[in-house]
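**Q** Take a look at the following structure, please.
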Amino acid sequence: MSHELPEHPDWLWRNPDPKPSYDVVVVGAGGHGLATAYYLAKNHGITNVAVLERGWLAGGNMARNTTIIRSNYLWDESAALYEHALKLWEVLPEELEYDFLFSQRGVLNLAHTLQDVREGVRRVHANRLGGVDAEWLSTEDVKKFCPIVNTSSDARYPVLGATLQPRAGIAKHDHVAWALARKADAYGVDLIQGCEVTGFLRDGDRVVGVETTRGRINAGKVALAAAGHTSTLAARVGLRLPIQSHPLQALVSELLEPVHPCVVMSNHVHVYVSQAHKGELVMGAGIDAYPSYTRRGSVQIIEAQMAAALELFPLFGRAHVIRTWGGVVDVSPDASPVVGLTPVENLLVNCGWGTGGFKATPAAGWVYAHTIATGQPHPLNAPFGLERFTTGALIDEHGAAAVAH
Amino acid sequence: MLLIPCPWCGDRDETEFGYGGQAHVPYPEAPETLTDAEWAEYLFVRDNPEGPFTEQWVHTAGCRRWFTLVRDTTCNDILAVHRTGTTNPVHP
């Protein structure tokens with residue numbers, strides 16, 4: 001007990017008090033909010049920016065996801081956006097001068113039925129045409145790539161093959177947030193934690209700032225990046241969004257020797273599994289059916305995903321669930337995000353990422369910063385505006401995004 | 001897991017039920033007169049409150065009948081149960 005505590009490391013960012021006014025106020029200091037602030041400064045020279053966070057930095061879904069990064073979506077609009085993210089992930093460790101353990105270990109999406117096979121092969125072709133790396137693996141190739149997957153033909157849902165994206169992988173989520181926060185702070189962005197937005201300042205139809213638990217803050221533009229709590233915020237300016245907030249759960253095992261070389265996802269039995277650098281198996285599945293802000297889901301969801309994991313990986317039979325948790329995810333009707341302008345002048349939204357926001361972090365920040373800075377969507381997020389629900393130009397990734405929503 | 005009070009069968013595990021989204025969203029009386037924005041609102045936009053939410057459930061593995069719950073989305077407490085088409089709460 002007499003050991004001296006080690007020196008506290010240097011803070012990676014200042015902890016400033018809010019100024020009375022900013023050019024841009026970003027609401028939510030998760031991955032997307034931080035990436036937005038970073039690219040506002042880096043790409044557009046806009047540094048008079050505050051990122052307001054009601055809790056602590058990166059304590060929402062950024063702390064709760066399963067860290068999978070991939071871009072093998074079926075539809076061109078989605079694949080382009082997520083591939084832009086993947087290309088940014090590939091340069092960010094050097095650019096941010098922070099090794100956040102981005103590991104391109106490959107993602108397998110298993111096929112268990114003839115329909116899965118057809119969907120997978122179609123998606124591989126679509127991805128290749130769009131410049132996204134993709135391969136179709138036979139059952140034998142799956143066994144070679146990930147020897148611990150049960151590929152026996154007498155499995156309840158035999159593995160008939162898989163898509164492989166070799167450049168996909170995982171990263172250390174907390175470190176991603178800290179890396180972005182440090183650089184944004186160095187550009188002069190104010191990261192303000194413990195500051196909840198409680199309302200909006202209006203001048204006619206325009207938003208001109210926010211009311212917060214730390215006082216009024218004027219803003220040229222207000223950009224929401226609050227995931228599952230976007231509806232609640234938008235309701236305060238009378239804006240209704242096509243978003244429902246659902247619990248999404250994940251879990252980890254105890255620390256184990258390295259056994260799992262890649263990321264495995266399965267739509268049909270519905271689980272996704274990787275092994276973190278530290279050694280814990282990280283697993284997730286689908287959302288709970290009902291909307292809720294409790295950050296807690298129902299136990300049968302966990303039970304089903306464990307059953308699926310054991311079906312695929314019999315050797316996990318002796319592993320233990322150490323921790324389960326939930327987050328609040330913002331689900332849109334077409335399982336695609338909403339990034340762009342709103343009918344309220346100077347108010348922008350980045351939401352609807354549902355279960356897949358982490359992988360998009362840098363691209364979301366890139367296109368959102370562009371939209372904020374120029375007042376026009378970037379070509380990559382132009383298809384993802386709110387107006388698609390009126391025009392009918394949905395980007396229907398239900399079942400098409402290599403994961404069952 | 002939620003413990004859901006079916007108004008006919010009493011308290012049952014959530015796994016016996018299917019979820020049916022927000023209650024009391026009527027089909028437009030004259031859909032052909034709606035603007036695109038109004039139609040989009042009907043198709044895609046639902047309430048998403050932090051607090052009491054009125055929603056439909058169906059007792060799929062039981063009596064197979066639909067009913068309405070008022071549930072607080074901040075804590076999942078069930079505040080009221082109605083048989084569909086009635087406004088008087090039922091306490092099974």
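Where a number appears in this text, it was derived from the coordinates with a stated rule and is not lab data. As the structure is a prediction and not an experimental result, all values here were calculated from the model. Methodologically, a virtual Cβ is constructed for each residue, glycine included, from the backbone with ideal geometry; neighbour enumeration extends over all protein chains shown.
**Q** Mind listing whichever residues of the range B:66-92 are surrounded by fewer than 15 Cβ atoms within 10 Å (Cβ to Cβ) and in contact with a Cys (Cβ under 9 Å, 6 or more places away or on another chain)?
**A** Selection gives B:92 alone.
**Q** Hey, another quick one. Applying the selection to the range A:238-264, what residues are more than 14 Å from chain B (Cβ to nearest Cβ) and touching an Asp or Glu at 6+ places or on another chain (Cβ under 9 Å)?
**A** Keep residues of the range A:238-264 that are more than 14 Å from chain B (Cβ to nearest Cβ), which gives A:248, A:250-264.
Result: A:248, A:252, A:253, A:254, A:255, A:256.
**Q** A further question follows. Residue A:180 - would you say it is surrounded by 18 or more Cβ atoms within 10 Å (Cβ to Cβ), closer than 23 Å to residue A:104 by Cβ and of a type in the set (A, V, I, L, M, F, W, C)? Steps first, answer last, please.
**A** Values: surrounded by 18 or more Cβ atoms within 10 Å (Cβ to Cβ): yes; closer than 23 Å to residue A:104 by Cβ: yes; of a type in the set (A, V, I, L, M, F, W, C): yes.
Judged against the criteria, residue A:180 is a match.
**Q** Return the residues of the range A:48-78 that are surrounded by 24 or more Cβ atoms within 10 Å (Cβ to Cβ) and over 30 Å from residue A:108 (Cβ atoms); say none if nothing qualifies.
**A** Result: A:49, A:50, A:51, A:52, A:53, A:57.
**Q** Another question, if that's okay. Would you kindly identify the strands (runs of 3 or more DSSP E) lying entirely within chain B that contain at least 3 residues that are within 14 Å of another protein chain (Cβ to nearest Cβ)?
**A** Details: elements: B:3-6, B:10-13, B:18-22, B:52-58, B:66-72, B:78-83.
In chain B, the matching strands (runs of 3 or more DSSP E) lie at B:18-22, B:52-58, B:66-72.
**Q** Return the residues of the range A:96-118 that are touching a residue at least 24 places away in the same chain (Cβ under 8 Å), of a type outside the set (A, V, I, L, M) and assigned to a helix (DSSP H, G or I); say none if nothing qualifies.
**A** A:116
**Q** Quick test of your reading of the structure: residue A:123 fulfils all but one of (1) touching a Leu at 6+ places or on another chain (Cβ under 8 Å); (2) in a loop (DSSP other than H, G, I, E, B); (3) of a type in the set (Lys, Arg). Name the failing condition by number.
**A** Evaluating residue A:123 over (1) touching a Leu at 6+ places or on another chain (Cβ under 8 Å); (2) in a loop (DSSP other than H, G, I, E, B); (3) of a type in the set (Lys, Arg) leaves (2) as the failure.
**Q** Only helices (runs of 4 or more DSSP H) wholly contained in the range A:285-403 count here; list those with 2 or more residues that are more than 14 Å from chain B (Cβ to nearest Cβ) and β-branched (Val, Ile, Thr). It would help to see each step written out before you state the result.
**A** Numbers: elements: A:299-312, A:361-374, A:388-391.
Passing ranges, in order: A:361-374.
**Q** Further, regarding this structure: Go through (1) within 14 Å of chain B (Cβ to nearest Cβ); (2) in contact with a helix residue (DSSP H, G or I) (Cβ under 6 Å, 6 or more places away or on another chain); (3) more than 24 Å from residue A:40 (Cβ to Cβ) for residue A:235 and report which single condition fails.
**A** Unmet for residue A:235, out of (1) within 14 Å of chain B (Cβ to nearest Cβ); (2) in contact with a helix residue (DSSP H, G or I) (Cβ under 6 Å, 6 or more places away or on another chain); (3) more than 24 Å from residue A:40 (Cβ to Cβ): (2).
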